[in-house]
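The values are calculated or read from the model by the stated rules, or taken from the named source; none is laboratory data. Predicted, not measured: the structure shown is a model, and the values here were computed from it. All Cβ positions, glycine included, derive from the backbone under ideal geometry; neighbour counts span all protein chains shown. Please note that ligands, DNA and RNA were not included when accessible areas were found on the heavy atoms of the full protein model with its side chains. Shrake-Rupley method; radii C 1.70, N 1.55, O 1.52, S 1.80 Å.
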Amino acid sequence: MVTAKICGEEGVLSYLGTVGSVISRSKYRVSDIYEIRLRAGQRVALETARGRAVIDKTVSAEEMGECIKCFCNYSLHSFEKELKEGFVTLKGGHRAGFCGTAVVRNGVFEGVKDISSINIRVAREIIGAGDFLESAVFAEDFKGLLICGKPMSGKTTVLRDLCRIIGDRHKLAVVDGRGEIAAVYGGVPQNNVGVYTDVLNGYGRAEGIEIATRTLSPEYIACDEITGFESCAKLCLNSGVKMIFTLHCGSMEQAKESEIVKTGAISHIAFLGGKIGQITERLAVK
């Protein structure tokens, strides 16, 4: 049975100050919202279950700045790394990405000023989203699973639920660089990722996977957005660790031709399309 829960539903709007109050009074419920987009001088835009919508609230530059401060708990220096990378993970696993004017010194990008756009991706736990892949990840010949799809197809949502399924049976290490899988807050995962699961929160992919294989003796490793880290898949394969990764791509054909599949570490591919989290194609890699 598939059931959905917004991760920290009430809290996500509290980060937006007056803008959040306007959204809460609108006809749109947080449970129906996938993205909240703020652009300086423009009306609030939403991506919802029924399509795109705008709210009659124009966002000022001052409100944009106040949102950024709130994302960082009014301690910008404590979030220097996140601000440089262009996103902050909020309590509940919601991710606030932003852009503006680049700060470049001596040819090196150092961060962003005069924030002009903010995009909040509302995190969800959809219990049952990973059920269709359960038979694959527990198969005798399983080596690795690649969950593929376009942006906003629900890759992280499916991965999160698979972590719950696997982590209730096997030792699982989740390398959660952006805090979107387990939504760790104060050291405690806010999402259900399984009783036998260890979460490496905020670690880079390469560092987290290396540490996990060396010190945590996992049977499975899960990680989001693996593009460019094919060596991590080889490490898992050579260490006898099964893996679940996500990958941005536009089709199953692109997934089959990806560098990570060419490593031989992937035995199964799932492609998402249609509704968020809907698996439209599955392939056993030979």
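Give me the 1.4 Å probe accessible area per residue for the stretch 191-275, excluding ligands and nucleic acids, in Å².
Result: 44 Å² per residue.
Taking 1 over the mean of 1/r across every pair of different Cα atoms in the stretch 1-149, what Kirkwood radius in Å do you get? All intermediate terms of the calculation are to be shown ahead of the outcome.
Working: mean 1/r = 0.0582 Å⁻¹.
Radius from the Kirkwood sum: 17.2 Å.
Let me check something: with ligands and nucleic acids excluded, how do Glu281, Glu47 order by accessible area (1.4 Å probe), largest to smallest? Please report the intermediate quantities before stating the final value.
Values: Glu281 80, Glu47 45 Å².
Result of the area sort, largest leading: Glu281, Glu47.
Semi-axes of the equivalent ellipsoid for the stretch 36-103, please: Cα gyration tensor eigenvalues, times 5, square-rooted, ordered largest first, whole Å. Walk me through the numbers on the way to the answer.
On the way: eigenvalues 102, 44, 23 Å².
Each semi-axis is √(5λ); the values are 23, 15, 11 Å.
Please list Lys275, Lys81 in order of solvent-accessible area, largest first, computed with a 1.4 Å probe with all protein chains present.
Largest to smallest exposure gives the sequence Lys275, Lys81.
Take the cross-link list Lys150/Lys242; Lys81/Lys256; Lys27/Lys81 and give me the ones stretching past 29 Å between alpha-carbons.
Working: Lys150/Lys242 24 Å; Lys81/Lys256 34 Å; Lys27/Lys81 36 Å.
Listed pairs above 29 Å: Lys81/Lys256; Lys27/Lys81.
Taking all protein chains as present, what is the carbon and sulfur share of the accessible area of the stretch 90-184, in % to the nearest whole number, probe 1.4 Å?
C and S fraction of accessible area: 49 percent.
Give me the lysines in straight-line cross-link reach of Lys91: C-alpha distance below 16 Å, same-chain residues under 8 apart excluded.
Within reach: Lys5, Lys69.
Could you work out the relative contact order of the stretch 76-147? I mean the mean sequence separation of Cα pairs under 8 Å and 6+ apart, divided by the number of residues, in percent.
23
Considering only protein heavy atoms, with the full assembly of protein chains and a 1.4 angstrom probe, order Phe79, Phe132 by accessible area, largest first.
On the way: Phe79 40, Phe132 140 Å².
Accessible-area ranking of Phe79, Phe132, largest first: Phe132, Phe79.
What per residue convex hull volume, in Å³, comes out for the stretch 195-286 when only alpha-carbon positions are used?
Each residue corresponds to 115 Å³ of Cα convex hull volume.
For the stretch 61-141, which GluC sites (Glu not before Pro) pass both filters: DSSP loop (anything but H, G, I, E, B) and at most 13 other C-beta atoms within 10 Å?
Answer in residue order: Glu140.
If you take all C-alpha pairs in the stretch 117-256, what percent of them are over 17 Å apart?
Cα-Cα pairs of the stretch 117-256 separated by over 17 Å account for 57 percent.
Please work out the Cα center distance from the stretch 87-101 to the stretch 226-263, rounded to the nearest Å.
Distance between centres, Cα-based: 26 Å.
For semi-axes √(5λ) of the Cα gyration tensor in Å, pick the label among (1) 33, 21, 18; (2) 34, 28, 12; (3) 37, 25, 17 that corresponds to the value derived from the coordinates.
Step by step, semi-axes √(5λ) of the Cα gyration tensor in Å for this structure corresponds to label (1).
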